[in-house]
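Read the structure below first, then the notes.
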Amino acid sequence: QVQLVESGGGLVQAGGSLRLTCAASGRTFSSYAMGWFRQAPGKEREFVAAINWSTGSTYYEDSVKGRFTISRDNAKNTVYLQMNSLKPEDTAVYYCAGRRGIVRVGIQEYDNWGQGTQVTVSS
């Protein structure tokens, strides 16, 4: 059974940084794609970034390109989201998600989800 546990959220001022962590367990993830999604109050959940676990190829939503970096640590079965130059509009609950196969950006493409971690950026 796949388990994904996020951590690292918090309150930060605009322009600051946070690093989110997703600890994955329950299977070997070499054939998986891992994604980060976020959901702001009153809005739908949206794609943020994703990584192909085996190749390390990365994909980003346009508004976070150049500010966010997704990475993974194979030895620790962990995926990270480094978030720099944070803006108030980045405020949301951030979710880690996994799926077998290649990276997709659609929420419905992911089978496994964490519980989410709150990120709040103050202006």
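Among the residues of the stretch 72-104, those identified as touching a residue at least 60 places away in the same chain (Cβ under 8 Å), among the polar types (S, T, N, Q) and part of a loop (DSSP other than H, G, I, E, B) are 84, 85. Criterion first (surrounded by 14 or more Cβ atoms within 10 Å (Cβ to Cβ), over 19 Å from residue 3 (Cβ atoms), within 15 Å of the chain's Cα centre (by Cα) and of a type in the set (S, T, N, Q)) does residue 69 satisfy it? Judged against the criteria, residue 69 is a match.
Look through 12, 48, 5 and report the one residue that is more than 15 Å from the chain's Cα centre (by Cα), outside any loop (DSSP other than H, G, I, E, B), at pLDDT 95 or above and surrounded by 13 or more Cβ atoms within 10 Å (Cβ to Cβ). Testing whether each residue is more than 15 Å from the chain's Cα centre (by Cα), outside any loop (DSSP other than H, G, I, E, B), at pLDDT 95 or above and surrounded by 13 or more Cβ atoms within 10 Å (Cβ to Cβ) leaves just 12.
The values are calculated or read from the model by the stated rules, or taken from the named source; none is laboratory data. Note that the coordinates shown come from a computational prediction; the quantities given were computed from them, not determined experimentally. Counting neighbours? That spans all protein chains shown, and the Cβs are built from the backbone with ideal geometry, glycine included.
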